[in-house]
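Visitor: Sharing a structure with you now.
What follows is calculated from the coordinates using simple rules that are stated; it is not laboratory data. Please read these numbers as outputs of a predicted model, since none were measured by experiment. Backbone-built Cβ (ideal geometry, glycine too); neighbour counts: all protein chains shown.
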Amino acid sequence: MADAIGFLQQTEQRPNDLQNDREYLSEWPPVDDRRESEKFAQRKRQKLDRVEEGRQFGEPESERVLWARPALARWWRKRQKATNLKDSTNMPKSDNPNTLLRYVASLPEGKSYLKQQISALKEKVVSHPGNAVLHAALASYYDLLQDTSSALNNLNIASKLDPQDKNIAWLHLKVQRGKDLEDKRSFLQERLLQQPPVEHKMAQPVEVERHHCSTLGAKEFLFEYCMTGTPVVITGLVETMTTVPWNFQHIKEVVGNKTTSLKRMVKESTEWAKLEPACSMKINDFIDSLNSLQEPLYLFDWSIPTHAPELAKELVIPKYFAGDFLQRTAPESLYHDSWPSLFIAPAGLHSDLHVDAFGSNFWMALFHGRKRWTFFSREDVPLLYPHYEDSLDLVFDTDLSCPDFDKHPLLSRAIPLQCILEPGELLFVPHGCPHRVENLEDSLAVSANFVDLSNLQVVLEELEEMLC
């Protein structure tokens with residue numbers, strides 16, 4: 001337990017990381033108001049490739065080593081200013097720099113630029129074979145071109161040359177994880193090709209088990225569901241979780257005058273669940289305009305202890321989560337006050353396929369509306385074509401609403417689990433399980449990530465790597 005607390009008490013984000021984010025974002029996107037860029041520096045999840053711009057290897061100021069992302073952003077910005085080209089026509093409708101850079105890197109012109117930079121860096125590596133920064137920079141270009149093998153080869157060299165460099169270590173970890181996923185997928189693909197051809201279609205979903213709280217003890221929940229990684233819907237529980245009934249009107253009365261950040265779905269996003277910052281709005285106004293907004297917006301994962309202590313006093317956490325180690329850490333520790341959190345969404349909005357962070361388990365209690373949950377076991381992750389972008393959060397490009405089996409044939413081998421969560425029900429999602437959530441009706445929910453005996457070791461390993 002002492003080891004667990006040691007990891008959980010680490011600082012969430014180092015001060016230098018914020019400054020590095022600002023330096024990076026000064027290149028992308030090209031906005032007039034610096035505050036628009038700085039809002040992206042306030043992310044919870046650790047990002048990569050952040051201090052590369054200022055790295056040198058003993059050459060003049062003009063010869064600084066620029067890693068791929070800031071270099072590509074700078075090149076694109078100059079290209080748009082210097083020409084009347086229309087290659088921005090199909091840009092994603094996003095303000096997120098990494099979403100936009102991914103699009104730029106996919107263009108023929110973007111790929112050509114990255115390959116030119118690779119050729120130039122290779123020449124420098126020949127002249128400076130013992131320079132870790134050069135090998136790491138070269139790897140970052142290969143990574144953007146999705147040449148994982150070449151990126152990993154250069155990172156193996158860079159890590160040996162400078163094992164203490166944390167930025168190299170982060171990129172090395174991300175690329176290594178990506179390569180492991182590619183290898184697993186290639187193995188499964190070969191096995192699939194050896195089998196007789198069949199019509200590709202999604203497997204019939206398996207219905208999630210339901211269990212009434214009156215016949216489900218805490219010990220049974222831990223050993224039959226948490227320890228086995230089995231999801232379950234617990235009924236008859238939510239009405240006992242608050243000292244007064246929770247509905248939209250009550251939320252407005254208690255915290256309606258508070259202003260919150262809202263999110264929106266961006267199909268091409270590189271972000272977790274494909275949700276990106278949209279705007280800020282008073283909660284009163286947001287609830288009143290749920291069905292009249294120009295685009296659907298999501299109050300997503302709004303920390304109740306941090307932002308609404310008045311609501312936190314009304315909440316009673318169910319006995320099944322009394323063993324949460326996060327709540328046994330010191331105040332102000334990492335994730336101590338992050339949850340429970342509030343979710344409010346209009347009908348029709350969804351969060352795309354994602355996995356909850358740092359190996360945490362997850363529960364959601366639904367107070368109003370209905371949600372369709374579709375998720376998969378940890379073992380099925382390689383079948384869903386995940387990859388890594390600019391963090392250690394998996395990104396899934398598969399569209400479960402309209403699967404492309406020519407592009408993603410392994411999808412037909414994945415076994416979805418599904419349930420429609422009704423008001424008054426609570427859903428448990430085991431750690432590592434990818435899931436997609438559709439709001440079938442306007443919805444009000446509370447959720448939390450948690451750590452218990454079933455996932456403690458996984459969480460320790462994840463946080464140790466995050467905070468190295």
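Visitor: Taking θ = phi - 60°, what integer Hz values does the Karplus form 6.51 cos²θ - 1.76 cosθ + 1.60 yield along the stretch 449-460, in sequence order, with x for Gly and Pro?
Guide: 8, 8, 10, 9, 4, 6, 9, 4, 5, 4, 5, 4
Visitor: Enumerate the amide H contacts of Val206 below 5 Å, restricted to partners 5 or more residues apart or on another chain; note that Pro and chain-start residues carry no placed amide H.
Guide: Correct list: Leu417, Gln418.
Visitor: With θ set to phi - 60°, apply the Karplus curve 6.51 cos²θ - 1.76 cosθ + 1.60 along the stretch 168-173 and write out the HN-Hα couplings as whole Hz, x wherever there is a Gly or Pro.
Guide: 5, 4, 5, 5, 4, 4
Visitor: Take peptides 236-248, 297-309, 436-448 and line them up by average Cβ neighbours within 10 Å, highest first, as a rough protection proxy. Don't skip to the end; give the middle numbers.
Guide: Values: 236-248: 15.2, 297-309: 18.7, 436-448: 21.0.
Highest mean packing first, the order is 436-448, 297-309, 236-248.
Visitor: I'd like the Karplus ³J(HN,Hα) series for the stretch 437-447: coefficients 6.51, -1.76, 1.60, θ = phi - 60°, whole numbers in Hz, and an x wherever there's a Gly or Pro.
Guide: So the Karplus estimates, Gly and Pro as x, are 10, 10, 8, 6, 9, 3, 10, 9, 8, 10, 9 Hz.
Visitor: Further question: Taking amide H positions as placed 1.01 Å from N in the peptide plane, with prolines and chain starts having none, which residues 5 or more places from Val232, or on another chain, fall under 5 Å of its amide H?
Guide: The answer is Phe428.
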